[in-house]
Amino acid sequence: MIQKPKGTYDVINDKRVLYLHELLKNMMEAYNYEYFRTPIFEASELFHRGVGETSDIVTKETYDFKDRSDRNMTLRPEGTAGIVRSFIENKLYGNHAVPVKAWYFGPMFRYERPQSGRFREFYQFGVEVLGTSDALADAEVISIPVNLFKLLGLKNVKVNINTLGDTESRLKYKEALMEYFKPHLNELCEDCNNRFEKNPLRILDCKVDANNTLMQNAPKTIDYLNEESKKHFEDVKKYLTSMDIEYVVNPNIVRGLDYYTHTVFEVSAEIKDFGSQNVLCGGGRYDNLVATLDGPETPAVGFALGVERILNALDAENIDLNLDNGVDTYITYMDEAEKEYALRLATNLRLNGFKTDIDYCSRNMKSNFKQADKLNSKFIIIIGEDEVKNNYVTIKNNHTQESEQIELDYLIYYLDEKLNDECDCDECHCHEEG
Ligand code: HAM
């Protein structure tokens with residue numbers, strides 16, 4: 001038997017996936033962000049130059065391949081680099097309204113060790129705001145996941161923010177880190193020794209050495225900021241407060257990608273036993289990336305969340321979105337002669353917006369009633385010879401078990417009224433749910 005690749009999964013009728021997409025789409029309409037879709041694979045160079053030669057994501061986790069013309073291609077490990085490439089290639093810094101506010105939703109690929117909440121193919125929703133250095137944009141970006149989690153009813157989430165400062169502050173910080181780690185290189189893993197030369201900031205992101213005290217006592221970015229960087233961070237905090245967003249300044253957040261400057265943030269779920277998957281989303285400002293990828297100097301900020309992690313957090317908090325509410329009508333027919341009539345009726349009801357299913361295998365009535373229960377159908381429509389001849393249907397309320405005969409012309413109004421009306425049976429509890 002052929003099995004799915006390690007670290008991937010099948011979605012089988014998890015209605016929350018499409019619901020989340022729809023909810024995010026509506027949210028993005030309200031925030032006035034534009035939908036972007038960029039290719040799932042890009043030239044490998046984009047990620048090497050963009051995401052960074054020293055990040056684990058690029059050095060250890062990409063799916064690289066050569067296409068049939070011997071070009072180096074990579075399945076995207078994240079969405080930011082592709083959006084920035086598109087921004088530059090389509091010259092959106094020219095005539096397009098600036099800042100460009102993009103949102104995206106799609107699969108990303110990282111060759112990681114699979115575990116709970118960590119996949120090799122996973123879905124991200126993300127936003128990127130290109131063309132403003134104002135701290136208001138940083139705060140707005142942070143507000144998006146916070147408000148999403150509020151809408152979903154996730155309560156135990158914590159916003160952690162930090163700042164890496166601008167290029168000058170980062171340089172000062174880098175020197176301080178090198179001075180700090182130099183006498184201790186033999187205590188660090190081999191990867192960290194390489195990181196020391198290339199980008200000592202990455203040492204702080206090491207999964208192997210994460211908990212040793214050397215790491216925990218390392219210099220903090222916040223102590224190396226110049227005035228401009230301090231002001232930017234103060235402004236971000238001010239705007240978060242004015243939106244009533246609670247946050248914690250966590251100096252240990254440096255993020256795993258090379259492109260960040262100034263604000264970095266993560267939102268984590270404070271759910272018992274949630275473990276390593278607790279980071280629901282992360283992002284920050286990346287003022288140098290557009291220029292690094294040969295575009296004009298363009299400040300930018302964004303974030304991305306892992307869809308699977310949100311679903312896991314909903315499970316962990318026992319939040320039921322009540323999306324499995326069954327079909328409105330299930331259509332049955334007594335005989336083959338009424339089958340085409342039933343099919344026409346199903347199409348008509350579907351086009352009028354009623355969630356409708358039909359007997360696909362000419363079952364007997366007993367099996368049809370069972371099937372209607374499995375589909376959690378609110379009504380069962382029965383079509384026999386007499387119904388066809390006299391233009392009516394027999395319709396049974398599957399909760400109250402009451403049957404009625406309804407004229408065909410009146411059926412749409414009838415269903416509309418019944419389905420939008422509270423039913424008074426004991427079974428469906430609709431009164432309690434309000
Ligand atoms: P990231 O922190 O690498 O940032 O990923 C963002 C989110 O994607 C994580 O917080 C996590 O929820 C989810 N995620 C990452 N890897 C996996 C995985 N293997 N399995 C499941 N979920 C995962 C970025 O990707 C940046 N591009 C975010 C950004 C946008 N920064 C600025 N703009």
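Observations on the model:
- Just one of the numbered conditions (1) free of Cβ contacts under 8 Å to residues at least 12 places away in the same chain; (2) within 16 Å of the ligand (Cβ to nearest atom); (3) of a type in the set (Lys, Arg) is not true of LYS366: (2).
- Matching helices (runs of 4 or more DSSP H) fully within region 329-434 where at least 2 residues are surrounded by 11 or more Cβ atoms within 10 Å (Cβ to Cβ) and either β-branched (Val, Ile, Thr) or modelled with pLDDT of 95 or more (or both): 339-351, 365-374, 385-390, 411-420
- Scanning region 243-276 for residues that are in contact with an Asp or Glu (Cβ under 8 Å, 6 or more places away or on another chain) and near the ligand (Cβ under 9 Å from one of its atoms) yields ARG255, GLY256, LEU257.
- Applying the condition of being more than 14 Å from the ligand (Cβ to nearest atom) and under 15 Å from MET108 (Cα atoms) to region 25-42 and asking which residue is surrounded by the fewest Cβ atoms within 10 Å (Cβ to Cβ) yields ARG37.
- If you go through region 209-237 and pick out every residue that is in contact with an Asp or Glu (Cβ under 7 Å, 6 or more places away or on another chain) and aliphatic (A, V, I, L, M), you end up with 3.
- Every residue from region 1-24 that is surrounded by fewer than 14 Cβ atoms within 10 Å (Cβ to Cβ), charged (D, E, K, R) and assigned to a helix (DSSP H, G or I): LYS15, GLU22
- Screening the candidates GLY284, GLY302 for the property of being touching a His at 6+ places or on another chain (Cβ under 8 Å), within 10 Å of the ligand (Cβ to nearest atom), not in a loop (DSSP other than H, G, I, E, B) and not hydroxyl-bearing (Ser, Thr, Tyr) yields one hit, GLY284.
- Odd one out for ASP294 among (1) in contact with a strand residue (DSSP E or B) (Cβ under 6 Å, 6 or more places away or on another chain); (2) assigned to a loop (DSSP other than H, G, I, E, B): (1)
- Cβ pairs under 9 Å, 6+ apart, first in region 275-288 and farther than 21 Å from GLU317 by Cα and modelled with pLDDT of 95 or more, second near the ligand (Cβ under 6 Å from one of its atoms) and assigned to a helix (DSSP H, G or I): GLY283/THR80; TYR286/THR80
The values are calculated or read from the model by the stated rules, or taken from the named source; none is laboratory data. Please read these numbers as outputs of a predicted model, since none were measured by experiment. Backbone-built Cβ (ideal geometry, glycine too); neighbour counts: all protein chains shown.
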